1. Find the residue count for segment B:1-38, including only residues that are charged (D, E, K, R), closer than 20 Å to A:LYS21 by Cβ and facing chain A (nearest Cβ under 7 Å).
2. Just wondering, is there one or more residues in segment B:91-104 that are away from every other protein chain (no Cβ under 14 Å), acidic (Asp, Glu) and surrounded by fewer than 23 Cβ atoms within 10 Å (Cβ to Cβ)?
3. Which residues, taken from segment A:20-32, are facing chain B (nearest Cβ under 7 Å) and not aromatic (Phe, Trp, Tyr)?
4. State all residues of segment B:39-50 that are surrounded by 16 or more Cβ atoms within 10 Å (Cβ to Cβ) and at the interface with another protein chain (Cβ under 8 Å from one of its Cβ atoms); if no residue qualifies, say none.
5. Which of the residues that make up segment A:1-19 are in a helix (DSSP H, G or I), among the hydrophobic types (A, V, I, L, M, F, W, C) and within 7 Å of another protein chain (Cβ to nearest Cβ)?
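A short reminder: the numbers here are calculations on the coordinates, not readings from a lab. This one's a predicted model, so the numbers in the text were calculated from it and none came from an experiment. Cβ atoms come from the backbone with ideal geometry, glycine included; neighbour counts cover every protein chain shown.
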Amino acid sequence: MAISWIKDVDQALAEAKARGKAVLVDFNAAPM
Amino acid sequence: MERFIGENFIPAKIHIKEQPKTFERFGVQWTPTFVIFDADRKERRRFEGFLPADDLIAQLELALAHTAFAQGRWADAERRFRDVVNAHPRTEAAAEALYWAGVSRYKGGDPGALAETARSFKEQYPDSSWAKKASVWTTEAPANRG
């Protein structure tokens, strides 16, 4: 089960509000 | 790990090179930093640095437990904190979870929960900072209790 990471924090927060879920934001600097 | 995150969170990943202003907006100064918000956009937990998978899941479960606690859902919070202790007993999150499980139970109306938790710390995680914090509960100190 791959994670569908969102790249927009505000979009994630809005989706969380609509679905009643928490948001996990991973701030990272991993090699691209 | 993937299933747990997918089932419990809306996941977002922000890269320093792509979105430096988002780092600035949320005051993130190191990577990796994980920030957990509840559904009402309130930040409930933040932790920095790499963690092995078991520790990372424990921290995320702890975040959900703290969210329940902050919302006054004492029974749900206690269950979630105890789940952290039981499922991830060797992580740093476990001692913190044991402490807050006791507080949740106390807040839920069990006046003996704090002393019971202090006794538990004599058996589990006796050298943790959370055991020191709970040590006051072995004596009556109601002024310190919220």
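1. Final tally of qualifying residues: 4.
2. Pass one, segment B:91-104, residues away from every other protein chain (no Cβ under 14 Å): B:91-104.
Filter once more, so that each one left must be acidic (Asp, Glu): B:92, B:96.
After this cut, where a residue has to be surrounded by fewer than 23 Cβ atoms within 10 Å (Cβ to Cβ) as well, the list is B:92.
Yes, segment B:91-104 contains a residue that is away from every other protein chain (no Cβ under 14 Å), acidic (Asp, Glu) and surrounded by fewer than 23 Cβ atoms within 10 Å (Cβ to Cβ).
3. First pass over segment A:20-32, keeping only residues facing chain B (nearest Cβ under 7 Å): A:20-29, A:32.
A:GLY20, A:LYS21, A:ALA22, A:VAL23, A:LEU24, A:VAL25, A:ASP26, A:ASN28, A:ALA29, A:MET32, listed by residue number.
4. The answer is B:ALA39, B:ARG44.
5. Of everything in segment A:1-19, those that are in a helix (DSSP H, G or I), among the hydrophobic types (A, V, I, L, M, F, W, C) and within 7 Å of another protein chain (Cβ to nearest Cβ) turn out to be A:VAL9, A:ALA12, A:LEU13, A:ALA16.
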